[in-house]
Every structure is written in structure tokens, then in C-alpha cells.
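Below is one structure; the comments refer to it alone.
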């Protein structure tokens, strides 16, 4: 019986260790990560805005650090309180520091995405200049990043136990129609080098079908 208990305990430790390995365990200061790692490292030489694909050389007035899985939804899922209160929550700080969830976004679009869910809006709304379709409650990204969004949301759901921000079949369809391209793979490799963990849905998109 004693040996059985030891074996069960060992398996539990291994299981918990595997969960930790799959998370961002390197950073837990969102403000410092945004300044030093996101803008100061990942996009130090510029890049392209996520949804609109607009080139930039540095963070300007119209550009901000955005989150594919919005921080407001993370705070709501964790039930940690206001922004200030959640900043004292170690789990929130770890999740909010995860570079896999951060993208450069036009400030106007980041404001527009608050309190909405991802979905196929279709003909309900006409696409804007970036290819975005949005209604009062739903947000449909341009086709070229639908898979990127799906794989990031799946990562946040699977890694941190957060709820889906829309219907799972929609994300699985986006993952199928927009597989990882060179831009996404290059960005993913750089984040993995900086942060120390990968998004397994980028390296193995078929993994989405298991959720």
C-alpha cells in the first residue's frame, strides 16, 4: 500500500510539473515585460500591426500592446477584482505577462475589441480597411490572422484553464483555413526563445481537434 501511495504521489507530481512546463514561468511582471521584452526585444526593430498588417518602425501614438485574449476577460475568468486588485494576484500577473498572447495593435482596434466575442460575423457587417468585420457583440478578424487568433485562444484555454471567447468550432475552423505561415512561425520561435515555452497549437495545429 505504501508503495502504491508513493507511486500515486509521484504521478501527481509529474502531472503538475508538466502543467508548469507548458506555461510562462519566466515572467510575472506585465509592465516590465511589455516595456523590456515586447517593445524592447520582440519588436525592437519594428514590425507589422497584427490585424491591419501596417508596417511600423517603433511604437507610435496610434499603436499599442494588444492581447488576443483580452486582459479584461482574464480578470473576469479569475474573478480577481479590478485591474489594480488583479495586479496583486500572482496567477494573473503570470498570465498577463505571457508574450504568446501579446500583439501590436492599433489603439482604435484594441478599444473596439473590448467586451466582445470572436465569431463569423458574415454579411451582418462590411469589412473595414483592415478586413475586420465587427458588430456590437462579435469580432471577426481578417482571414490572414484567423488561424493566429484561434491558436492563441486555444493556448490560453488549454494552458491556463480560461474559458473560450466564442464557440470552439469557430476557432477550429479558423485554425483549418489559416494554417501557420512564415510570419507566425518566426514570431513564435522568437517568443519561445525569449519566454522559454512554446504554443503547441502553432507547432502542431492538428492538436486543436483534441480540445
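The values are calculated or read from the model by the stated rules, or taken from the named source; none is laboratory data. Since the model is a prediction, treat every value here as computed from it, not as a measurement. When we count neighbours, we look across all protein chains shown, and the Cβ atoms used for this are built from the backbone with ideal geometry, even at glycine.
Some points to look at:
- Within segment 48-59, residues that are in contact (Cβ under 8 Å) with a residue 24 or more places away in the chain sit with their Cβ atoms under 6 Å from residues that are surrounded by fewer than 15 Cβ atoms within 10 Å (Cβ to Cβ) and assigned to a loop (DSSP other than H, G, I, E, B), at 6+ positions apart or across chains, in these pairs: 56/46.
Residues are listed down the side, and each one gets a yes or a no for (1) under 22 Å from residue 197 (Cβ atoms); (2) out of contact with any strand residue (DSSP E or B) (no Cβ under 6 Å at 6 or more places or on another chain); (3) surrounded by 22 or more Cβ atoms within 10 Å (Cβ to Cβ):
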| position | (1), (2), (3) |
| --- | --- |
| 88 | no, yes, no |
| 94 | yes, yes, no |
| 149 | yes, yes, yes |
| 168 | no, yes, no |
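- Pairs linking a residue in segment 112-127 that is at negative phi and modelled with pLDDT under 80 to a residue that is exposed (fewer than 15 other Cβ atoms within 10 Å of the Cβ) and part of a loop (DSSP other than H, G, I, E, B), with Cβ atoms under 6 Å and 6 or more positions apart or on different chains, do not occur.
- Restricted to helices (runs of 4 or more DSSP H) entirely inside segment 27-123, those with at least 1 residues that are closer than 22 Å to residue 189 by Cα are 90-96.
- Filtered residue count, segment 186-207, keeping only those that are out of contact with any helix residue (DSSP H, G or I) (no Cβ under 7 Å at 6 or more places or on another chain), touching a residue at least 12 places away in the same chain (Cβ under 8 Å) and part of a helix (DSSP H, G or I): 2
- Criterion violated by residue 134 - all others in (1) in contact (Cβ under 8 Å) with a residue 24 or more places away in the chain; (2) buried (at least 18 other Cβ atoms within 10 Å of the Cβ) satisfied: (1)
- Of the residues examined, residue 100 is not one that is modelled with pLDDT of 95 or more and touching a strand residue (DSSP E or B) at 6+ places or on another chain (Cβ under 9 Å).
- Residue in segment 174-182 that is in a helix (DSSP H, G or I) and either surrounded by 16 or more Cβ atoms within 10 Å (Cβ to Cβ) or in contact (Cβ under 8 Å) with a residue 40 or more places away in the chain (or both) present: yes
- Screening 154, 96, 150 for residues that are touching a helix residue (DSSP H, G or I) at 6+ places or on another chain (Cβ under 6 Å) and within 27 Å of residue 60 (Cβ to Cβ) leaves exactly one candidate, 96.
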